[in-house]
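One structure is given below, encoded as structure tokens.
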Amino acid sequence: MDKALTANQKWWHQNAAAVADRLLAPAAAAIDAEGHVPRRILTGLAQEGLLALRAPASLPLGGKAPESVQGADADALAAVVVIEELAARCASSAALAAVVTGPVGELLRACASEAQRDELWPAIIAGESLACLAVDGEGRALRCSRDGEGGYLLSGTLPAVPGAAEADWAVVFCREGDEGDEGATVGLIVPLD
């Protein structure tokens, strides 16, 4: 297997290193001391294109997106080298970027409704909206039920959701049905207050 990076992957690697040196390195000690990543850091990463790495270059939007709004459509290895460079300067910031770049981006790409994609992709790419991932590993804490109007009612709590304090919305995985009922796993896109 050829382990050399492509020209595109090298560009992402160098770009991420420069952004991380400028944005993350000076803030890393304060982030660790305060215990959370400030929104300005996540917004800065988004504005540099580092939170929309896996967003499609040709956005699958039903409406009209501004021409300036497009994803990077970077491959998985490019995303990995970006996260690696961010982590070398600030592991906390890199962890949140990895969530947005990886599972949140992939789920939005694959599972969101057309209306959700129209609303969320441009905002994420522009750094105007931030997301987090709320997952209950045991499948017991979060439950949902249909509300009769085409939506869901979500109930339960999680002890911690990384990035939720700064996020505008969350991808939430929960079990449908009553407690004790096995139920289907449901992924919901939920606005946060």
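Values computed for the structure shown
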item	result
Nearest 10 degrees, 0 to 90: helix 7-19 Cα axis against the chain principal axis	90 degrees
Most fluctuating residue given options 31, 83, 125, as computed from a GNM of the chain linking Cα atoms under 10 Å	31
Formal net charge of residues neighbouring residue 18 (Cβ-Cβ distance under 15 Å; K, R +1; D, E -1)	-1
Surface per residue (accessible, 1.4 Å probe) for the chain, Å²	53 Å²
Percentage relative contact order, the chain, counting C-alpha pairs under 8 Å, at least six apart	19 percent
Residue with peak Gaussian network fluctuation, the chain [Cα springs, cutoff 10 Å], from 103, 159, 122	159
With Cα atoms, 0 to 90° folded angle of helix 114-125 axis to the chain main axis	30 degrees
Tilt relative to the chain, helix 76-89 - C-alpha long axis, 0 to 90 degrees, to 10	70 degrees
Kirkwood-Stokes translational diffusion coefficient of the stretch 96-155, alpha-carbon pairs, 37 °C, 0.692 mPa s, µm²/s	248 µm²/s
Per principal axis, descending, Cα span of the chain in whole Å	50, 42, 38
FRET efficiency for residue 15 and residue 114, using Cβ-Cβ distance with R0 set to 30 Å, rounded to 0.05	0.45
3J(HN,Hα) from dihedral phi, the stretch 25-40, Karplus parametrisation 6.51/-1.76/1.60, rounded to Hz, x for glycine, proline	3, x, 9, 4, 5, 5, 4, 5, 5, 7, x, 8, 8, x, 4, 4
Net +/- balance of residues flanking residue 112 in space, Cβ distance below 11 Å, scoring K and R +1, D and E -1	-2
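The values are calculated or read from the model by the stated rules, or taken from the named source; none is laboratory data. Computed from a predicted model, the values in this text were never measured in an experiment. Every residue, glycine among them, receives a Cβ derived from its backbone with ideal geometry; neighbour counts consider all protein chains shown. Surface accessibility is based on the protein's heavy atoms, side chains included, excluding ligands, DNA and RNA. Shrake-Rupley method; radii C 1.70, N 1.55, O 1.52, S 1.80 Å.
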